[in-house]
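The values are calculated or read from the model by the stated rules, or taken from the named source; none is laboratory data. What you are looking at is a predicted structure, and each value in this text was computed from that prediction instead of being measured. Cβ coordinates were reconstructed from backbone atoms using ideal geometry, including for glycine residues, and neighbour counts include every protein chain displayed. We work out accessible area using only protein heavy atoms, side chains counted, and drop any ligands, DNA or RNA first. Shrake-Rupley method; radii C 1.70, N 1.55, O 1.52, S 1.80 Å.
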Amino acid sequence: MKRTALALTMALALTAPTAATAQDSTMIHNPMLWADTPDPDVIRVGDTFYLVTTTMHLMPGAPVMASKDLKNWETVGYIFDRLTDSPKYDLQEGTVYGRGQWATSLKYHDGKFWALLAPNEGGPMGDTYIFTAPKAEGPWTIHARLRHFHDATLFFDDDGTPYVFFGTGEMCQLTRDLKGVVEGSLRHYFQREADERGLLEGTRVIKHNGTYYAQLISHVYAPGRHRREVCYRTKDLKGTWEKNVILESDFGGFSYLAQGTIVDTEDGDWYGIMFQDRGGVGRVLTLSPVRWIDGWPMLGDERGKVPDVVRPYRSGQPKKEIVCADDFSNTKLGLHWQWNHNPIDAAWSLSERPGFLRLKTNRVVPNLYLAPNTLTQRMFGPTCSGVVCIDFSKMKDGDCAGFCAFNGDSGVLTLKKNGKTVFLEMSEQKVSLSDREKAVTNVDDKMIEGVSLTKLAPKAKQVWLRIDGDFQPGHNDAANFYYSLDGQEWKQIGSKNYRCNFDYRRFFMGSKFAIFNYATKKAGGYIDVDEFKLL
C-alpha cells in the first residue's frame with residue numbers, strides 16, 4: 001500500500017533531529033552531496049536512481065551517477081569522453097573555462113537512455129547534442145545535433161512524442177526520430193509575471209496522473225521574494241498553464257536554493273533534489289520529501305523547508321562515494337577522476353610504472369591554467385583532506401608539478417625544477433580570462449612561501465603534499481597546505497586559511513583537488529604519482 005503524503009513526511013523528514021539522530025551515519029544528512037554537483041537531473045529505472053550533473057570544461061563530461069537509496073552515490077559512466085568542436089577544448093586558441101557541457105537532461109524511453117545537452121557557447125560549439133545508450137554506464141553515442149536550447153529538458157509523452165522545453169517558458173516538438181524540430185511547433189507556453197524579472201531556467205518536465213509539470217528555478221528580484229523553485233502545470237500541452245511556488249527555503253546557514261527535479265520511488269513516494277550555492281565548495285545537492293497537495297508537488301517538510309536529515313529510501317546499501325582515494329593499481333583510470341579540458345592520452349600512463357600514475361610534459365606552456373593533463377576530483381564538505389605522493393626524480397629543468405585547490409583563484413603547491421635543484425612553493429594564483437574566447441590573458445602568481453627540497457633532503461626523490469579544506473558554515477571556505485618528506489610528519493607552508501572562491505564569471509565551479517605537471521622550457525620530463533589519499 002502506498003503511503004500518504006503526510007505519512008511520507010513523518011517517515012522521511014526529521015526536521016528537529018535529536019543529537020543521536022544527527023550523528024546517525026545511516027541517515028542522509030543534507031546536503032545529500034556536499035560537493036560541486038549543479039544542474040541535476042534525476043530519473044529512476046527499476047530500483048536504481050540515476051543522476052547527471054554539470055562539469056563544464058572537465059573531461060570526460062556529463063557524469064552519470066547511480067544510487068539504490070538516494071544516500072550512496074557512485075559515478076558509473078560519462079556521456080562523452082571529450083568534445084572536439086574547437087581547439088579551445090584542447091587548451092589551444094582559448095579555453096572553455098566555465099563553458100562546455102551545461103544542464104544535461106537524462107531520460108529513459110523505449111528501452112534506451114537518452115541525454116540532451118547544449119554547451120554554453122555560441123555558433124556550432126553551442127549546438128544541442130542528443131546522445132543515447134543501451135545502459136546508463138554507456139557506451140553513449142551521438143544521435144543528433146540540433147540548434148541551441150538553453151538549460152533544456154527532453155520529454156517523451158505517453159505516446160512517445162518527443163519535446164524539448166527550454167529557456168524561459170519555451171518549448172517545441174521534435175520529430176519522431178529526434179533529429180529535427182517539427183516546423184511551426186516552437187512557442188512560449190507561459191509568460192512570466194511583471195515582478196519576476198529574472199530568468200526562469202533549468203527546466204525539468206514530468207507527467208504525473210495525466211498532468212504535465214514543468215519545474216524551473218526563479219531568480220526573483222521583487223521585494224520579499226527569494227530564489228525559489230516554481231512549477232507550471234497543465235493537462236493539455238497546448239492549453240493554459242497554472243503556476244505555483246513549490247519550494248522557497250533557505251538552508252544550513254546559506255541562502256535560498258532551487259533548480260533540480262523530483263523523482264518517484266518504486267513504492268510511489270516522491271523526493272525533490274535541488275542544488276544550493278555554497279561558496280568555494282561549489283553548488284551542492286539537497287534532498288527533500290515531496291508532498292502532493294492539491295495536485296502540486298510541494299518540496300520540503302511540513303513547514304516547506306529543506307530538512308536537516310532524511311531517512312534513506314532503502315537500508316543496508318554498501319557505502320559509495322563520488323570522491324575516492326586511489327593507489328593507481330588499476331589498469332584503467334577510475335571514473336572518479338576528470339581531466340581539465342581534453343587530455344593528451346600519449347602523455348599519461350598507468351602501465352609504464354605499475355601502481356603509479358605517470359604524468360609527462362608534452363608541450364611548453366606558461367602557466368597552470370594552460371597546462372594539459374591536469375587531473376581533478378571535487379573537494380567536498382564539511383571538511384576534506386587530500387594527499388598525493390609524488391616522485392619528482394625525472395623532472396626536467398623548468399618543469400612545474402604539484403597539487404592544488406584548483407579554481408579561477410587557486411592555492412597551489414608547486415615543485416619547481418631549477419637546474420639540479422627542486423623547490424617547493426606555495427602560491428596564490430588568479431587567472432584572468434577574455435570574455436569571448438575565454439583566453440588566458442594573465443595569471444597573477446603570488447608566491448607566499450618556498451623551501452628547497454634539495455637542501456632539506458639531498459637524496460629525496462619523493463614528497464607528500466596535502467591540502468585540507470574546511471567548508472563548514474562560517475569557516476570562510478578555508479584551505480591549508482602541508483608537505484612531508486616521509487608521509488608522517490607534516491609541515492604547514494604558505495597561506496593559512498586560504499580562501500577558496502566561487503566565481504561564476506570564470507570557472508563557475510567549486511574547488512577541485514588537482515594534480516598537475518607542465519613544462520616551461522622543454523617537454524619530456526615526468527612525475528610518478530604513487531597515491532591519492534583521503535584522510
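Condition first: open to solvent by less than 10 Å² (accessible area, probe 1.4 Å) and either among the β-branched types (Val, Ile, Thr) or on the phi > 0 side of the Ramachandran plot (or both). Now tell me which residues in segment 212-233 satisfy that. Residues satisfying the conditions are Ile217, Val230.
I'd like the full set of residues that are at negative phi and in a loop (DSSP other than H, G, I, E, B), limited to segment 95-113.
Here is the first cut: in segment 95-113, the residues at negative phi are 95-97, 99, 101-102, 104-109, 112-113.
Across segment 95-113, the qualifying residues are Thr95, Val96, Tyr97, Arg99, Trp102, Thr104.
Going through segment 191-211 one residue at a time, which ones are open to solvent by less than 60 Å² (accessible area, probe 1.4 Å) and either farther than 16 Å from Ala152 by Cα or in a loop (DSSP other than H, G, I, E, B) (or both)? Scanning segment 191-211 gives Asp195, Glu196, Gly198, His208, Gly210, Thr211.
Out of curiosity, is Gly77 out of contact with any helix residue (DSSP H, G or I) (no Cβ under 9 Å at 6 or more places or on another chain) and either surrounded by fewer than 24 Cβ atoms within 10 Å (Cβ to Cβ) or not in a strand (DSSP E or B) (or both)?
For Gly77, the condition - out of contact with any helix residue (DSSP H, G or I) (no Cβ under 9 Å at 6 or more places or on another chain) and either surrounded by fewer than 24 Cβ atoms within 10 Å (Cβ to Cβ) or not in a strand (DSSP E or B) (or both) - is met.
The C-beta contact set for segment 87-98 (first residue within 16 Å of Ala118 (Cα to Cα), second residue modelled with pLDDT of 95 or more and not in a loop (DSSP other than H, G, I, E, B), distance under 7 angstrom, 6+ apart or interchain) comprises Val96/Lys88; Val96/Tyr89; Tyr97/Leu433; Gly98/Met56. Among the residues examined, Thr441 does not qualify as more than 24 Å from Arg353 (Cα to Cα) and either buried (at least 16 other Cβ atoms within 10 Å of the Cβ) or touching a residue at least 40 places away in the same chain (Cβ under 8 Å) (or both). Say whether the condition of being touching a residue at least 40 places away in the same chain (Cβ under 8 Å) and in contact with a Pro (Cβ under 9 Å, 6 or more places away or on another chain) is met by at least one residue in segment 387-409. The answer is no, given that none of the residues of segment 387-409 is touching a residue at least 40 places away in the same chain (Cβ under 8 Å) and in contact with a Pro (Cβ under 9 Å, 6 or more places away or on another chain).
Every residue, every condition in (1) open to solvent by less than 10 Å² (accessible area, probe 1.4 Å); (2) among the hydrophobic types (A, V, I, L, M, F, W, C); (3) touching a helix residue (DSSP H, G or I) at 6+ places or on another chain (Cβ under 7 Å); (4) not in a strand (DSSP E or B), yes or no:
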| site | (1), (2), (3), (4) |
| --- | --- |
| Gly280 | yes, no, no, yes |
| Val284 | yes, yes, no, no |
| Lys305 | no, no, no, yes |
| Tyr313 | no, no, no, yes |
| Gly316 | no, no, no, yes |
| Lys320 | no, no, no, yes |
| Cys324 | no, yes, no, yes |
| Leu335 | no, yes, no, yes |
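Among the residues of segment 379-399, the ones that are touching a Leu at 6+ places or on another chain (Cβ under 9 Å), open to solvent by 10 Å² or more (accessible area, probe 1.4 Å) and of a type outside the set (A, V, I, L, M, F, W, C) come to 1 in all.
Under the condition of being over 21 Å from Asp157 (Cβ atoms), open to solvent by 10 Å² or more (accessible area, probe 1.4 Å), not aliphatic (A, V, I, L, M) and not in a loop (DSSP other than H, G, I, E, B), the residues counted in segment 244-268 number 3.
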